[in-house]
Amino acid sequence: MERAECPRRRIAVVGIGAGDPRFVTVEALQVLASLDVIIVFDKGDRAGELRAVREAILDRARAGRACRMIELPDARRDDSLDYGDTVRTWHRGRADALEQVLRDHVGDGEVAGILVWGDPSLYDSTLRILDEVAGRGNTELEVQVVPGVSSLHVLAARHGIPLHAIGGSVLITTGRRLREGIPAGIDDVVVFLDANCSFMTLRGGDWEIYWGAFLGMPDEQLIVGRLDEVATDIVQLRERLRAEHGWVFDCYLLRRR
């Protein structure tokens, strides 16, 4: 039996910035205006605020021109598994849903868009998931990637700081990895995905912290100071924001004094 022809699908992965519609680049606006289909993973409890920002961006880009929107439920991770297994299982589920949508709901001559908060290259799995879909051999993908303004850059701009010393390095990591320790010779560390406030483990050292939450959004919050002096304030503010919104996205720079 002959194998069915492998369909070809065109996809644009578009970075839409950190939360302010003004962060969206001219290139991103042009690509968004040309899309036939937009695929969105629904994040549940975040949907209200993020949907409002997304709609404002699309209204600006498309000037009222309609576009099909396909929302896919985004299953929560199973934290009972090993971290690596948890992420691989989550990615596999996303890849299954995305492959089916691309094959069954996107036409041969259409361009589908996936909107990514911040920049597609930084702590976002869309490109890896598309690689997994393509690697299965059931769908041929032509992928365009449009960069966006990351919360990393907004954090530095809001605090008015460079991310590293002259000729120095900056480490970009996660809260989980921060708890494992900072490599020798690193004096500037940007931390994402830190639900556990891992900076608390560094109290008693000689660190400054530049912290920001909901960057680019109406409830943007900033704190800066010596870590020992402001760490508790950050934890308390973060708890209040989570109670008010149901979720928090924050990041921060640690700088050795």
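All of the numbers you see were taken from the coordinates with simple rules; none came from a lab. This one's a predicted model, so the numbers in the text were calculated from it and none came from an experiment. Cβ atoms come from the backbone with ideal geometry, glycine included; neighbour counts cover every protein chain shown.
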Report summary line: Projecting the Cα atoms of Gly168, Val224, Ile209 onto the charge dipole of the stretch 151-256, where Lys and Arg contribute +1 and Asp and Glu -1 at Cβ, the residue farthest towards the positive end is Gly168
Query raised in the report: Averaged over all directions, how much area does the convex hull of the C-alpha atoms of the chain cover when projected, in nm²?
Result: 16.2
Query - Fewest-first sequence of Asp219, Asp228 by Cβ atoms within 10 Å of each Cβ - result: Asp219, Asp228
**Report entry** Karplus 3J(HN,Hα) series, Hz, for the stretch 186-197 with 6.51 cos²θ - 1.76 cosθ + 1.60 (x for Gly, Pro)
**Finding:** 9, 10, 10, 9, 9, 10, 10, 6, 10, 5, 9, 6
Query raised in the report: Taking R0 as 51 Å, what's the FRET efficiency between Ala63 and Val235 from their Cβ-Cβ distance, rounded to 0.05?
Result: 0.70
**Report entry** Over the stretch 212-252: Kirkwood hydrodynamic radius from C-alpha pairwise inverse distances, Å
**Finding:** 10.5
Report task. Report, to the nearest 10°, how far helix 83-105 tilts away from the longest principal axis of the Cα atoms in the chain, using its own Cα long axis and a range of 0 to 90°. Result -> 30
Query raised in the report: What FRET efficiency would be calculated for the residue pair Glu5, Ser34, taking the C-beta separation as r and a Förster radius of 30 Å, to the nearest 0.05?
Result: 0.70
Query raised in the report: What Kirkwood radius, in Å to one decimal, follows from the Cα pairs of the stretch 151-256?
Result: 13.9
Query raised in the report: What is the percent of Cα-Cα separations in the stretch 85-231 that go past 28 Å?
Result: 36
Query raised in the report: Looking at Val143, Ile57, Gly19, which one has the Cα that reaches farthest to the positive end of the dipole of the stretch 8-146 (charges on Cβ: Lys, Arg +1; Asp, Glu -1)?
Result: Ile57
Query raised in the report: Using only Cα atoms, what is the ratio of the radius of gyration of the stretch 8-146 to 2.2 N^0.38 Å?
Result: 1.03
Requested in this report: Counting other Cβ atoms within 10 Å, keep those with at most 13, restrict to DSSP loop, and tell me which trypsin sites (Lys or Arg not before Pro) in the stretch 94-154 are left.
Outcome: Arg136
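Fully extended, how many nm does the chain gain between Ala56 and Ala195 (0.36 nm per residue separation, minus their Cα-Cα distance)?
Working: separation 139, 0.36 × 139 = 50.04 nm, distance 2.81 nm.
Stretched out fully, the Ala56 to Ala195 stretch lengthens by 47.2 nm.
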Query raised in the report: GNM on the chain, C-alpha springs below 10 Å: top fluctuator among Tyr210, Tyr83, Tyr123?
Result: Tyr83
